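Okay, structure first, notes after.
The values are calculated or read from the model by the stated rules, or taken from the named source; none is laboratory data. Remember, it's a predicted structure, so these values are computed and weren't measured experimentally. Here the Cβ positions follow ideal geometry from the backbone for every residue, glycine too, while neighbour counts run over all protein chains shown. Note: accessible area is taken over every heavy atom of the protein model, side chains too, but ligands, DNA and RNA are not part of it. Shrake-Rupley method; radii C 1.70, N 1.55, O 1.52, S 1.80 Å.
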Amino acid sequence: MSIDLEKILRPVDMVLPEFPAKYMTLSNGQEMVVRQVNRDEIPDILPHVEKLMHVERDYYHIVAARVYAELLAYYTYRVQDEYVLAAQVDGEIVAVVNGRIVNPDIGMSFHTLSMRRGLRVGAHAFAAKMEYHMDILKQKEVLIVAESPIGFRRWMIEYKLEKRFHIPHELGGCPSWSLTRNLFDNARNTLVVGRRPVPEKLLAKAHDAILPPTDPPKPPEDLLAATRSMLDNTGTSLIDMRRKLGGM
Amino acid sequence: MREVYVAGIGITSFTRLEYPLVEIAAYPGLMALRDSGLKKIDQLYVANMGSGRVNGQTGLASAVVDHLSLTPAGAVTIENGPASGASAIKEGFMAVASGMHDVVMVIGAERMREVNQLEATDFVATLTHPLAEYIYGVTLPSLAGMFARLYMEKYGVTSRHLAMVAVKNHHNAMDNFYAHLHEEITLEGILDSPEASTNNPYVADPLRFYDMCPVSDGGACLILVSADVMKKLNKPMIRLAGIGQATDTHAVHERKDPTYLFAVREAAKKSFAMAGVKPEDVDVAELHDAFTILEIAESEEVGFFKKGEGHIALEKGETKIGGKIPINPSGGLKAKGHPVGATGVGQAHEIVLQLRGEAKKRQVKNAKIGFTCNFGGFGNNVVCLTFIKEK
């Protein structure tokens with residue numbers, strides 16, 4: 001009985017072509033691989049996403065919480081036609097991007113979660129996601145929203161996205177924006193980069209294991225506790241403890 | 001004049017700080033009090049460039065002195081563009097040297113990221129000439145771009161030299177807990193790889209993304225005291241030995257040769273003369289590299305290298321830690337960050353750390369004489385400081 005119910009609950013996914021892995025050199029000289037991850041790999045990613053739920057900075061907490069839910073939904077077959085791409089450097093996960101196929105023409109971008117900052121890691125991963133919709137799935141447009149000012153600058157401004165405020169986005173009440181084929185073609189030479197095929201060793205390293213991020217985003221320093229600490233030594237202890245944890 | 005010493009230092013991370021500006025200013029003040037062992041001050045100077053415009057707060061020094069429970073000490077806010085920090089140190093020096101005060105706290109603080117980058121860039125651009133520059137859309141990156149282009153044509157500086165400054169300073173910042181950017185970068189990643197033009201796009205040709213300093217929040221503090229007070233504290237005797245300030249034309253185009261930074265040259269000369277040292281005596285320097293080209297140009301103007309040879313010294317590794325004259329071991333504005341009003345105090349903080357021998361992994365060995373150049377406007381108001389470690 002329960003097995004039959006599961007069949008009803010579980011959506012029937014379309015058969016989608018796989019995102020062909022690619023790689024690129026980051027500003028720090030390291031090579032980053034972007035590849036599609038399958039369901040079995042999701043449990044290896046979830047713990048690294050979970051930690052970011054507690055980073056109250058740049059909307060990491062809300063984005064991480066939603067990505068966690070989306071990945072879990074993907075893992076447990078509770079969302080239709082979702083895909084997940086991961087960006088890795090020497091096996092270390094540095095970004096996760098995901099989305100969904102609404103119909104053959106329209107894609108729904110979900111989230112871009114960068115786990116290492118300052119190297120355009122998230123921007124490169126987002127570009128790969130758009131490449132998947134446009135070049136691999138041959139869709140006409142992708143609906144996108146931003147939950148943080150950084151995301152707004154990266155997607156809406158850099159790609160010059162078109163407004164689709166009248167179309168509801170699956171993430172909720174945020175106004176939808178659209179990446180059209182024309183906009184994607186305009187961005188192709190400047191924002192969408194990467195090389196194929198990925199050298200065997202590099203790809204093998206990425207498939208070998210999803211390693212934890214070594215320098216994930218951290219919460220801001222607790223200055224308020226510091227200024228209280230003239231009369232409250234607890235504040236200083238807290239800061240000292242955070243510094244020690246931060247490797248100072 | 002009495003001699004003036006640095007009794008205490010403090011600093012926040014230079015990054016985005018989601019706290020009120022008063023908190024950002026107070027935190028390094030507390031650190032400096034703890035560092036010095038002092039509990040009271042006679043006078044507070046707070047360096048800040050944009051609180052009235054960016055944060056909607058005026059009278060900052062009055063707010064900070066109260067927040068630190070340091071009333072009834074005197075308190076004054078100093079605004080002198082990006083040179084506000086070193087200008088406030090100069091005021092603090094004069095207050096102690098004159099005998100008017102024995103203990104003066106100098107704080108630099110800025111919270112620029114309360115507004116977006118466009119507004120922050122516009123706010124900084126208001127220091128340009130309002131009728132000859134600003135109304136035509138001039139920004140600091142655009143002035144630096146034109147300056148860099150001239151420098152390249154005249155002296156043979158290349159994009160690779162500029163990138164080398166960025167790589168060096170990002171590397172130095174890796175060992176600075178308080179730096180804004182903790183990312184190693186490489187020439188391959190920002191210049192040579194197929195992805196380099198995306199990783200490092202042009203911002204103000206020929207300057208690219210990694211030629212620019214970040215927009216930072218942050219605060220730093222120095223406590224300046226008289227010799228009598230200093231002797232009681234049992235701290236390393238770091239003397240603020242030389243101060244030089246000079247100005248140049250407000251509009252850059254009025255200069256005979258815009259590649260010459262006469263205010264930098266003059267301010268450095270005055271600072272060295274007052275301290276009784278020469279440029280070749282300096283062991284470590286913090287120069288105002290808001291743009292990579294400025295580190296090269298200033299290293300020549302202050303006298304470390306001949307005009308037009310700064311990039312050659314850079315190529316030889318003379319400005320690295322361990323080189324002939326290590327420049328910006330903190331990461332500089334380029335990677336440590338540039339909260340404009342706080343920058344000059346932050347530079348002095350680094351030099352004091354270096355002279356005390358407390359700079360950990362980025363320590364310049366046996367540093368005894370340190371130098372800072374705090375560059376206001378586009379070189380129209382410059383303050384240079386020379387610090388000497390005494391036995």
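Tabulated results
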| read-out | value |
| --- | --- |
| Relative contact order computed over chain A (Cα-Cα under 8 Å; 6+ residues apart), in percent | 20 |
| Cross-link reach list, lysines versus B:Lys361, counting only Cα pairs under 16 Å and skipping chain neighbours closer than eight places | B:Lys168, B:Lys320, B:Lys336 |
| Accessible area in the full protein assembly, largest first, 1.4 Å probe, for B:Lys320, A:Lys138, B:Lys256, B:Lys168 | B:Lys256, A:Lys138, B:Lys320, B:Lys168 |
| Equivalent ellipsoid semi-axes, the protein assembly as shown, via Cα gyration tensor eigenvalues times 5, rooted, Å | 47, 27, 22 |
| Residues in segment B:183-232 occluded by at least 50 Å² - accessible area, probe radius 1.4 Å, against chain by itself | B:Glu183, B:Glu195, B:Thr198, B:Asn199 |
| Area hidden from solvent between B and A (accessible, protein heavy atoms only, 1.4 Å, total, Å²) | 2900 |
| Inter-part distance where segment B:331-391 and segment B:16-83 are each reduced to a Cα centre, Å | 20 |
| Rounded to the nearest 10 Å², the accessible area of B:His180 at probe 1.4 Å | 40 |
| Minimum 40 Å² accessible area buried by the other protein chains, segment B:23-47 residues, probe 1.4 Å, relative to alone | B:Glu23, B:Tyr27, B:Leu30, B:Arg34 |
| Calculated P(r) tail over 17 Å for segment A:164-205, as whole % of Cα pairs | 60 |
| Mean separation of Cα contacts under 8 Å, 6 or more apart, over the residue count of chain B: relative contact order % | 26 |
| At least 20 Å² of accessible area lost relative to the chain alone, listed for segment A:113-147 with a 1.4 Å probe | A:Gly118, A:Leu119, A:Arg120, A:His124 |
| Partner lysines for A:Lys51 [C-alpha distance under 25 Å; skip if fewer than 8 residues away on the same chain] | A:Lys129, A:Lys205, A:Lys218, A:Lys244 |
| Which listed pairs, of B:Lys235/B:Lys334; B:Lys40/B:Lys232; B:Lys39/B:Lys231, have C-alpha distances above 19 Å, in listed order | B:Lys235/B:Lys334 |
| Set of lysines with alpha-carbon distance to B:Lys270 below 17 Å, sequence-local pairs under 8 removed | B:Lys90, B:Lys278 |
| Fraction of accessible area attributable to carbon and sulfur, the protein assembly as shown (%, probe 1.4 Å) | 55 |
| Segment B:116-192 - accessible surface per residue (Å², probe 1.4 Å) | 43 |
| Cα-based convex hull, segment A:2-217, per residue volume (Å³, whole number) | 128 |
| Positive-end extreme of charge dipole, chain B - chosen from B:Leu17, B:Val167, B:Val4 (charges on Cβ) | B:Val4 |
| For B:Glu266, solvent-accessible area (1.4 Å; no DNA, RNA or ligand), Å² | 70 |
| Heavy-atom surface of segment A:2-217, accessible at 1.4 Å and reported per residue (Å²) | 45 |
| Å² per residue, accessible surface of segment B:291-339 at 1.4 Å | 26 |
| GNM flexibility winner over chain B from B:Val345, B:Val364, B:Val264 (Cα, springs under 10 Å) | B:Val364 |
| Accessible area, probe 1.4 Å, largest first, for residues B:Ile238, B:Ile312, B:Ile78 | B:Ile312, B:Ile78, B:Ile238 |
